[in-house]
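All remarks here apply to the structure that follows.
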Amino acid sequence: MPSATTFDRYHERVGAGESLSPDEVRDLAVAPDILSIGMLADVVRRQRHGARTTFLRVAEGPFDRTSFDGDQPAAREVRLTGSPPDIAAAVSAVESVKAAAGDRLVSGFSWSDVERWSSGERPVQVLKQLRAAGLEAIADLPLDGLTDPDAAVESLLGAGFLQLRLAISKSPAAERLDLLLRARDLQARHGCIQSVNPLPNVLATFRPTTGYEDVKMVALARLAAPAVPSIQVDWRRYGPKLAQVALTFGADDIDGVSGSDAAPEGRRRAPLEEIRRNIQAAGLIPVERDGRFAALS
């Protein structure tokens, strides 16, 4: 377990741009001093992003819906939910939604969908069909759902998916650090990992995570995979309070903000104002981005 002297030494090293080794990150994972771990992660975050913090407004809905313009006009990404029965239905859904989405990025489906539609064949062929239809990102690419991560990344790259967004499906905290170190290795080998969301997409009903565990995992993600550009927190799933604290523990991007401009409770409660105010309250600068991680002017 790291001592105060060790933390000071780590702080000097990360401040000089040096990455901690996997074994050093594992030592931090068992340390109870969450504030010191958060401070280390914040140094790495600020080296890459300064005070700049991005957020993405997303229109999310079932794959068989053809338009998302009516109730979420400000969204910069259209994200399809649900699981089409076959690749033909998936391609048709993407084509329909892309026609309505215009220049907005269209994402959707899961890696398990891709494997199912491939029917034992190479996933790259299915991925090429989805890419040609207008899909630009697989929405659910969980580190704990990839039996052969390198093969999956190579298939995605071969089909033209160039910015990969990794997530955790439901692995408990004790298993997640090895997954985050796997993201570090994938980035070193392929250089195409754009973001990692270290908090699980599926919340355990009988053993929910705690805020302590969550922000510590965000900090460990930043330290475990310093070459991955963005560490994300999901706004819809984890809410503004945890998102705000996570931004001081190494996170730099907030995903899943509502694309609606409706403000029935007044302008200050509108989604855009709320996310900006939340980021500013953490002492950071909010920057809206699109689904391709490009800042909006």
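The values are calculated or read from the model by the stated rules, or taken from the named source; none is laboratory data. Everything numeric in this text was worked out from a predicted model, so none of it was measured. Positions of Cβ are generated from backbone atoms using ideal geometry, with glycine treated the same way; all protein chains shown enter the neighbour counts. For accessibility, only protein heavy atoms count, side chains too; no ligands or nucleic acids. Shrake-Rupley method; radii C 1.70, N 1.55, O 1.52, S 1.80 Å.
Every residue, every condition in (1) among the basic types (Lys, Arg); (2) at pLDDT 95 or above; (3) open to solvent by 30 Å² or more (accessible area, probe 1.4 Å), yes or no:
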position: GLU154; (1), (2), (3): no, yes, yes
position: ALA188; (1), (2), (3): no, yes, yes
position: CYS192; (1), (2), (3): no, yes, no
position: LEU203; (1), (2), (3): no, no, yes
* To do: From SER107, SER169, grab the single residue that is open to solvent by 10 Å² or more (accessible area, probe 1.4 Å), under 28 Å from ARG57 (Cα atoms), under 15 Å from the mean Cα position of the chain (by Cα) and among the small types (Gly, Ala, Ser).
  => SER169
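For region 5-20, indicate whether the set of residues that are open to solvent by less than 30 Å² (accessible area, probe 1.4 Å) and of a type in the set (Asp, Glu) is non-empty.
Keep residues of region 5-20 that are open to solvent by less than 30 Å² (accessible area, probe 1.4 Å), which gives 6-7, 10, 14, 20.
Next, from what is left, pick out any that are of a type in the set (Asp, Glu): none.
No, region 5-20 contains no residue that is open to solvent by less than 30 Å² (accessible area, probe 1.4 Å) and of a type in the set (Asp, Glu).
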* For region 1-70, list the helices (runs of 4 or more DSSP H) that sit wholly inside it and hold at least 2 residues that are under 18 Å from GLN244 (Cβ atoms); which are they? -> 34-49
* Subset of region 135-166 (residues that are of a type in the set (Gly, Ala, Ser) and out of contact with any helix residue (DSSP H, G or I) (no Cβ under 7 Å at 6 or more places or on another chain)) -> ALA137, ALA139, ALA151
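Does ASP234 fit the bill of being touching a residue at least 12 places away in the same chain (Cβ under 8 Å) and more than 26 Å from ARG292 (Cβ to Cβ)? Spell out the reasoning first.
On the way: touching a residue at least 12 places away in the same chain (Cβ under 8 Å): yes; more than 26 Å from ARG292 (Cβ to Cβ): no.
Spelling it out, it is not the case that ASP234 is touching a residue at least 12 places away in the same chain (Cβ under 8 Å) and more than 26 Å from ARG292 (Cβ to Cβ).
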* How many residues are touching a Phe, Trp or Tyr at 6+ places or on another chain (Cβ under 6 Å), open to solvent by less than 10 Å² (accessible area, probe 1.4 Å) and either basic (Lys, Arg) or closer than 15 Å to GLU60 by Cα (or both) when one looks only at region 72-92? -> 2
* Structure fact -> Here the residues within region 94-134 that are over 20 Å from VAL78 (Cβ atoms) and in contact with a Gly (Cβ under 8 Å, 6 or more places away or on another chain) are SER112, VAL124, LYS128
* Give SER155, SER112 a once-over and let me know the one that is within 16 Å of ALA90 (Cα to Cα), among the hydroxyl-bearing types (Ser, Thr, Tyr), in a helix (DSSP H, G or I) and touching a residue at least 12 places away in the same chain (Cβ under 8 Å). => SER112
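From the list ARG122, ARG165, ARG76, exactly one residue is in contact with a Lys or Arg (Cβ under 6 Å, 6 or more places away or on another chain) and charged (D, E, K, R). Which is it?
On the way: ARG122 fails: in contact with a Lys or Arg (Cβ under 6 Å, 6 or more places away or on another chain); ARG165 fails: in contact with a Lys or Arg (Cβ under 6 Å, 6 or more places away or on another chain).
Testing whether each residue is in contact with a Lys or Arg (Cβ under 6 Å, 6 or more places away or on another chain) and charged (D, E, K, R) leaves just ARG76.
For ASP252, are the conditions met, namely being modelled with pLDDT under 95 and closer than 24 Å to ALA294 by Cα? Please lay out each step first, then the result.
Details: modelled with pLDDT under 95: no; closer than 24 Å to ALA294 by Cα: yes.
Taking the combined requirement at face value, the residue does not satisfy it.
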* Hey, among the residues in region 228-250 that are farther than 17 Å from VAL202 by Cβ and under 10 Å from the mean Cα position of the chain (by Cα), which one's surrounded by the fewest Cβ atoms within 10 Å (Cβ to Cβ)? -> SER230
